[in-house]
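Visitor: Submitted below is the structure of interest, expressed as C-alpha cells.
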Amino acid sequence: MQQRGSKIWGMGSYVPDKVLSNADLERIVDTTDEWIVTHTGIRERRIATDDQACSDLCVPAAERALADAGVSPEQLDMVIVSTVTPDMTFPATGCLVQDRIGARNAGAFDLVSGCTGFIYGIGLADGMISNGACDYVLVISGEVLTRITDWTDRSTCVLFGDGAGAAVVGLAEPGTGVLSYVLESYGQHGDLLKLPAGGTRQPLTPELLAQHENCIRMEGHELYKLAVRGVPEVGETAMEKAGVEAKDIAWVVMHQANKRILDAAAKRLGVPDERVVVNVDRYGNTSAASIPIALDEVYREGHMAPGDLVLLVGFGAGFTLGAAVVRWDKVPYTAED
Ligand code: ACO
C-alpha cells in the first residue's frame, strides 16, 4: 500500500466589511490610538454585523478554500470548525457549516483549543488522512470575538476582531505537505484567559450578566510572558521534528495577538522580520482565525512559491501552544490504495 501523508490543497478566508478603528474605540473607552499602536500594533479590526454568527463567517471562508483546492463539498470526509465563539453550544458549528456548504458525505465537529485551534485542526486532519480514515478534511477557524468582548474593559476590548480562515487538507505523498506538528497544553494556566460564565460551572444569571462574566477575562501580561517564551520553543520543536532549520523557513505565520509578541518570538527563533507575516495591524486578534487568515493573505498576494517551507505557530486559551511545519505544494496527488 502506498504511504499516505497530507498537504494543504486550498486556502480561503473571510472577514466582515465593517471596520472598527482605534479612533472609534477612543469614543467607547478611555484609550488612545497611540497606546493601542505602541502596546499591540493594532490599528483597526473587523466587526461582524448583528446578524452574523460564527458559521456565517466560516461558510464563505470554506467555499473559497474549496474553490481554491478544486475539491467539491461532496468529496469532504470531515469538517472541523475550531472556535471559542460557536453559533451555540450545540449543535456544533461544524455541523451547521457541513450542512450549509453541502458536504453531505462528511462528519463534522467543533474543536476548542483557543487561538491554537487551527494548528490542532491541521494536526487532526493530518492524522485522519495519514491513517486512511479520510482523504479530504476541511479545517475552518472562525471567531466572532466581538460578541464576547467586554466593551467596558479597555484592557481587552481594544484587542479583538472577527474573521474566519479555512484550509482544505488532503491526501499527499509523505514529505510533500505537512511535515510535522506539535500540540501542547498547559492547563495549569487556564485561568489566565477564560470566559467565566455560561458553562456548567457558572450558569448564566442576571447578576453574572450584569458583571459581564459572559465576556473574555484575560491576564494579558502573564500571557505575554508565556507566549514570548513558549512560541519559540514550540516552533523549534516542530522544526526539529521536520528536520529543518530556521534558515530554511520561507514564512513564519504566527498567531496575531500582538506585534510585540511577533517581534520578540521571531528574534528568538532567529527568523528575519521580512519572513514573518504580520496583519494584526488590520484585523487585531481574531483568535483561532488569525493564522489561516494570515496564511491565505500571503498566499493570495502571490508571495508563496511551490516548495516554500512555512512555520505555523499558535498560542492561546488553555493555555495551549502548537506549531506545524508545512511545505507549500499545491500539485494534485492521488494515492493508489
Ligand atoms: N488604553 C490605555 N491604557 C491601557 C489600556 C488601553 N486600552 N489597557 C491597559 N492600559 C493601561 C493599564 O491600565 C496599565 O496602566 P497602569 O500602569 O496605570 O496600571 C498600563 O496600561 C499597562 O498595562 P499592561 O496590562 O501592563 O499593558 P501591557 O504592556 O502588558 O499590554 C496587552 C497589554 C496588550 C494585553 C499585552 O499584555 C498583551 O498583548 N498580552 C498578550 C495577550 C495575548 O497574547 N493573549 C493570548 C492569546 S489568546 C488570544 O489571543 C485570544
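Visitor: Quick one: how many residues across segment 232-262 are within 16 Å of the ligand (Cβ to nearest atom) and over 22 Å from GLY163 (Cβ atoms)?
Guide: Residues meeting the conditions: 4.
Visitor: Ok, one more. Taking the condition of a type outside the set (D, E, K, R), open to solvent by less than 50 Å² (accessible area, probe 1.4 Å) and away from the ligand (no atom under 15 Å from the Cβ), does GLY307 pass?
Guide: Judged against the criteria, GLY307 is a match.
Visitor: Among (1) open to solvent by less than 30 Å² (accessible area, probe 1.4 Å); (2) within 15 Å of GLY10 (Cβ to Cβ); (3) polar (S, T, N, Q), which single condition is GLN75 missing?
Guide: For GLN75, the exception is condition (1).
Visitor: Moving on to the next point. Does any residue of segment 57-66 turn out to be out of contact with any strand residue (DSSP E or B) (no Cβ under 7 Å at 6 or more places or on another chain) and small (Gly, Ala, Ser)?
Guide: There is no residue in segment 57-66 that is out of contact with any strand residue (DSSP E or B) (no Cβ under 7 Å at 6 or more places or on another chain) and small (Gly, Ala, Ser).
Visitor: Hey, among the residues in segment 38-49 that are within 22 Å of the chain's Cα centre (by Cα) and among the β-branched types (Val, Ile, Thr), which one's farthest from the ligand (Cβ to nearest atom)?
Guide: THR49
Visitor: OK, next. Can you confirm whether segment 294-304 contains a residue that is within 30 Å of LYS18 (Cα to Cα), buried (at least 17 other Cβ atoms within 10 Å of the Cβ) and among the acidic types (Asp, Glu)?
Guide: yes
Visitor: Hey, does segment 207-217 have a residue that's among the hydrophobic types (A, V, I, L, M, F, W, C) and closer than 30 Å to THR176 by Cβ?
Guide: no
Visitor: Give segment 165-201 a look and list any residue that's over 30 Å from LEU66 (Cβ atoms), open to solvent by less than 60 Å² (accessible area, probe 1.4 Å) and not in a helix (DSSP H, G or I), or say none.
Guide: GLU184, LEU193, PRO196, ALA197, GLY198, GLY199
Visitor: A follow-up question, please. Among all residue pairs at least 6 apart or on different chains, which show Cβ distances below 7 Å where the first residue, located in segment 7-33, is within 16 Å of the ligand (Cβ to nearest atom) and open to solvent by 60 Å² or more (accessible area, probe 1.4 Å) and the second is hydrophobic (A, V, I, L, M, F, W, C) and part of a loop (DSSP other than H, G, I, E, B)?
Guide: Correct list of pairs: ILE28/TRP151.
Visitor: Given the conditions (1) in contact with a helix residue (DSSP H, G or I) (Cβ under 8 Å, 6 or more places away or on another chain); (2) more than 26 Å from PRO203 (Cα to Cα); (3) open to solvent by less than 10 Å² (accessible area, probe 1.4 Å); (4) touching a residue at least 40 places away in the same chain (Cβ under 8 Å), and given that ILE122 satisfies all but one, which numbered condition is not satisfied?
Guide: (1)
Visitor: Can you tell me which residue in segment 129-146 is farthest from the ligand (Cβ to nearest atom), limited to those that are crowded, with 17+ Cβ neighbours inside 10 Å and more than 20 Å from ALA62 (Cβ to Cβ)?
Guide: Initial filter on segment 129-146 (crowded, with 17+ Cβ neighbours inside 10 Å): 129-130, 134-146.
Still in the list and also more than 20 Å from ALA62 (Cβ to Cβ): 130, 146.
Working: SER130: 29, THR146: 12 Å.
Applying the filter and picking the extreme gives SER130.
Visitor: For segment 71-87, does any single residue satisfy the condition of being farther than 12 Å from GLY142 by Cβ, charged (D, E, K, R) and modelled with pLDDT of 95 or more?
Guide: Yes.
The values are calculated or read from the model by the stated rules, or taken from the named source; none is laboratory data. The model shown is predicted, which means the values in this text are computed figures rather than measured ones. As a convention, Cβ positions derive from the backbone with ideal geometry for all residues, glycine included, and neighbour counts pool all protein chains shown. When the accessible area is computed, the model is the full protein with side chains, heavy atoms only, and any ligands, DNA or RNA have been set aside. Shrake-Rupley method; radii C 1.70, N 1.55, O 1.52, S 1.80 Å.
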